[in-house]
Amino acid sequence: MTQIFAHRGYSASFAENTLVAFLEAEKAGADGVELDVQLTKDGELVVIHDEKVDRTTSGNGLVKEFLFKDLRKLNANKKSTKKEPIPTLTEVFEWLTSNKLLCNIELKNAFFPYEGMEEKVIHLIRKFDLMDRIILSSFNHYSIVNCYRLAPEIETAPLFLEGIYMPWIYSQAIRAKGIHPRYSTMPDDVMINTLNNGIAVRPYTINKETDMHRLFKINCTAIITDDPIKALKLRKQYEKRP
């Protein structure tokens, strides 16, 4: 059955990319979580989506210009007085060792290259022995190829904003085992052909019931959603079918 990945954790109800959002995704019954990784000025791998901290935290400025100790002082739960720190990737991996969830790591290096980030992420994955549970994705496809060269045992999946012709051919060319397309840019027949050619398809970000039904019907590999509980309830309708 189609797997459910919680986009930045259970971000529909909890502060995105925080440990509480990941814990709540696990409690909800998600099959996996999706998160974003960037580097601080002093080289710490931190989990945050935007290049700037302004939207999701109590601070201002670029992630890459913060020392980790200063970034840690910010509240990543901006809409609440209950403080949630920006997690490190190490902390997320420590939590992952307590469960069996999959984890899609988006390398946020399409805008800033973050030299050496791939090596740092791969080192941590190997340290925690999570090679079989991690998918590395990025809009920077050069980074995806670099990840494959550094660690061919870890699945890679390029992210796409726009449609691509015969994406299974492209995926095979860069040794990626999956693709993560924007759901509205890929017709059903292209998804089905991709799946039939052995390439996993995990569209983002699926929040409407009509879109969930569409992807469950074709037995897509996974969906990436802000609301795992909604997705899980809908998926049950397909689990009951013969």
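On a per residue basis, the chain carries 47 Å² of accessible surface, using protein heavy atoms and a 1.4 Å probe. Normalised size of the chain, defined as Cα radius of gyration per 2.2 N^0.38 Å with N residues, equals 0.98. For the chain, the carbon plus sulfur part of the accessible surface works out to 51%, probe radius 1.4 Å. Taking each residue as 0.36 nm, the span from Glu94 to Lys82 lengthens on full extension beyond its C-alpha to C-alpha distance by 2.0 nm. Between Glu209 and Met1, full extension at 0.36 nm per residue minus the direct alpha carbon distance yields a gain of 73.2 nm. What are the ³J(HN,Hα) couplings of region 154-166, residue after residue, when phi is run through the Karplus curve with 6.51, -1.76, 1.60 and θ = phi - 60°? Round to Hz, x for glycine and proline. Taking θ as phi minus 60°, the curve returns 9, 5, 10, 8, x, 8, 10, 8, 10, x, 9, 6, 6 Hz for region 154-166.
Take every pair of alpha-carbon atoms less than 8 Å apart whose residues are at least six positions apart; their mean separation over the length of the chain yields a relative contact order of 20 percent.
Measuring between alpha carbons in the structure, the pairs from Lys78/Lys177; Lys108/Lys208; Lys41/Lys230; Lys177/Lys236; Lys73/Lys230 lying more than 29 angstrom apart are Lys78/Lys177; Lys41/Lys230; Lys73/Lys230. The Cα atoms of region 144-242 give a gyration tensor whose axes a ≥ b ≥ c have a/c of 1.5 or more with a/b greater than b/c, which makes the shape prolate. Note on Arg149 and Ser184: the model spin-label points, each 7 Å out from Cα along the C-beta direction, lie 3.6 nm apart. Looking at the chain, the DSSP beta bridges with both ends there are about 15 percent antiparallel.
Protection proxy ranking for 217-226, 75-84, 167-176, using the average of other Cβ atoms within 10 Å per residue and placing the highest first: 217-226, 167-176, 75-84. Between the amide H of Ile179 and those of Ala200, Val201, Arg202, distances stay under 5 Å, these residues lying 5 or more places away or on another chain, with hydrogens modeled in the peptide plane. The separation of region 6-50 from region 96-119, counted between C-alpha centres, amounts to 11 Å.
The values are calculated or read from the model by the stated rules, or taken from the named source; none is laboratory data. Not measured: the values here are computed from a predicted model. Here Cβ is always computed from backbone atoms with ideal geometry, including for glycine, and neighbour counts include all displayed protein chains. Accessible surface areas use protein heavy atoms only, side chains included; no ligands, DNA or RNA. Shrake-Rupley method; radii C 1.70, N 1.55, O 1.52, S 1.80 Å.
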